Amino acid sequence: MIPRLAVAAVFLMLLSVGCSKKPGPNAVIVKPAAGAFELHMLANGTDDADAIAAAEQYFAKTLKDPELAAELKRRLDAGQPPPPPVVQGVPFIALGKPCTYRWAPVSEHALNSEQLEAKPDDQANTSERYTKLKGARERGVLFDDRGIGYSRDFGKIWWSRQRPNSTVVDYFLLVRESQADEDVGAEVTEVVWDPDVAKDGTHRLDFRLTAVGKSRLADMTTRNRPSGKPENRGPMRRLAILIRGRIVSSANLLTALTGDVFSLTGGFSSEDVKKLIDLMRGE
């Protein structure tokens, strides 16, 4: 069992942005396979209300329609996320742009940073997020965690289910998919791991962007940055890193990101990093 007070300090994933530096002689440089790496904004109750309402309607129907509930169960048992929220014939609009959404599973590392676990212990975990998520799961509804933890962010939209005849819980977050002109994915990204650069035994991954990727990231984060000056900054949105469709990290977006490299850091051992690299290679 992970000590509750240590979770945030050990597993919190952070994004930082700067300019490219020459890798060391032992660095591993990887070009991710198509679809293996993505960068998206997480949906929130302010910007993405229409998509959230559509998702709420869908899950409400599964509680009343046995065939729809059985189809959802088949998807989940096959390792697929719930279907994306849609409204027939009407595109979703967020921050003035058309967009689409999908549910993304949350990795163990990302869960730990939220004081959650894939195999929860009701007696050991008394955090507010866990307790309220459990209540939402038992009712079969979504959960908006705004106001829990850091009070100056927009929050995230969760859905979870406990697997049949198991204590394992599958957690999903609603993702606002980046559109073509803001898509920061494998085709504009190179991943660098320098095993000689480690702090307190933990490692980081650096993501280096092409000129196109740098421009797209700047555009996306400029639209999603908080309003106001730093000393009076408005609520913050969450930027997420997905590897093979699974959220491995998310962080509050403090400002527009205009550099050509960003880093994924936190409680990663060298073995953790090797596994992520293998996933991005397609192995």
State which residue pairs qualify: first residue free of Cβ contacts under 8 Å to residues at least 24 places away in the same chain and inside the stretch 148-169, second residue open to solvent by 60 Å² or more (accessible area, probe 1.4 Å) and of a type outside the set (Val, Ile, Thr) in any location, beta carbons under 7 Å apart, and separation of 6 or more residues or different chains. 148/128
Within the stretch 99-117, how many residues turn out to be small (Gly, Ala, Ser) and assigned to a loop (DSSP other than H, G, I, E, B)? 1
Take the residues in the stretch 234-247 that are open to solvent by 10 Å² or more (accessible area, probe 1.4 Å) and outside any loop (DSSP other than H, G, I, E, B); name whichever of them is farthest from residue 148 (Cα to Cα). 246
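Can you tell me which residue among 38, 138, 108, 67 is among the acidic types (Asp, Glu), free of Cβ contacts under 8 Å to residues at least 40 places away in the same chain, open to solvent by 20 Å² or more (accessible area, probe 1.4 Å) and within 21 Å of residue 238 (Cα to Cα)? Steps first, please.
Working: 38 fails: free of Cβ contacts under 8 Å to residues at least 40 places away in the same chain; 138 fails: within 21 Å of residue 238 (Cα to Cα); 67 fails: within 21 Å of residue 238 (Cα to Cα).
Being among the acidic types (Asp, Glu), free of Cβ contacts under 8 Å to residues at least 40 places away in the same chain, open to solvent by 20 Å² or more (accessible area, probe 1.4 Å) and within 21 Å of residue 238 (Cα to Cα) holds for just one of 38, 138, 108, 67, which is 108.
Kindly evaluate residue 60 against the criterion of being surrounded by fewer than 19 Cβ atoms within 10 Å (Cβ to Cβ), touching a Gly at 6+ places or on another chain (Cβ under 9 Å) and either modelled with pLDDT of 95 or more or not in a helix (DSSP H, G or I) (or both). So that I can check it myself, show each step before the final result.
On the way: surrounded by fewer than 19 Cβ atoms within 10 Å (Cβ to Cβ): yes; touching a Gly at 6+ places or on another chain (Cβ under 9 Å): yes; either modelled with pLDDT of 95 or more or not in a helix (DSSP H, G or I) (or both): yes.
It is true that residue 60 is surrounded by fewer than 19 Cβ atoms within 10 Å (Cβ to Cβ), touching a Gly at 6+ places or on another chain (Cβ under 9 Å) and either modelled with pLDDT of 95 or more or not in a helix (DSSP H, G or I) (or both).
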Report every pair of residues separated by at least 6 positions or lying on different chains whose Cβ atoms are under 9 Å apart, first residue within the stretch 187-205 and among the polar types (S, T, N, Q), second open to solvent by 50 Å² or more (accessible area, probe 1.4 Å). 189/31; 189/208; 189/210; 202/10
Hey, residue 265 open to solvent by 20 Å² or more (accessible area, probe 1.4 Å), β-branched (Val, Ile, Thr) and either under 20 Å from residue 23 (Cβ atoms) or in contact with a Ser or Thr (Cβ under 8 Å, 6 or more places away or on another chain) (or both) or not: yes
Hits in the stretch 41-62 - residues which are of a type outside the set (D, E, K, R), over 13 Å from residue 159 (Cβ atoms) and in contact with a helix residue (DSSP H, G or I) (Cβ under 9 Å, 6 or more places away or on another chain): 41, 44, 45
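Within the stretch 255-274, is even one residue of a type in the set (D, E, K, R) and at pLDDT 95 or above?
Initially, the stretch 255-274 is screened for residues of a type in the set (D, E, K, R), giving 260, 271-272, 274.
Narrowing further to those that are at pLDDT 95 or above: none.
Checked against the condition, which is being of a type in the set (D, E, K, R) and at pLDDT 95 or above, the stretch 255-274 yields no hits at all.
To keep it simple, each residue is scored yes or no on (1) surrounded by fewer than 21 Cβ atoms within 10 Å (Cβ to Cβ); (2) modelled with pLDDT of 90 or more.
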residue: 149; (1), (2): yes, no
residue: 155; (1), (2): no, yes
residue: 161; (1), (2): yes, yes
residue: 176; (1), (2): no, yes
residue: 179; (1), (2): yes, no
residue: 216; (1), (2): no, yes
residue: 232; (1), (2): yes, no
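The values are calculated or read from the model by the stated rules, or taken from the named source; none is laboratory data. Predicted model, so just to flag it, every value in this text is computed and none were measured. In this analysis, Cβ positions are derived from the backbone assuming ideal geometry, glycine residues included, and neighbour counts consider all displayed protein chains. SASA here: full protein model, heavy atoms, side chains in, ligands and nucleic acids out. Shrake-Rupley method; radii C 1.70, N 1.55, O 1.52, S 1.80 Å.
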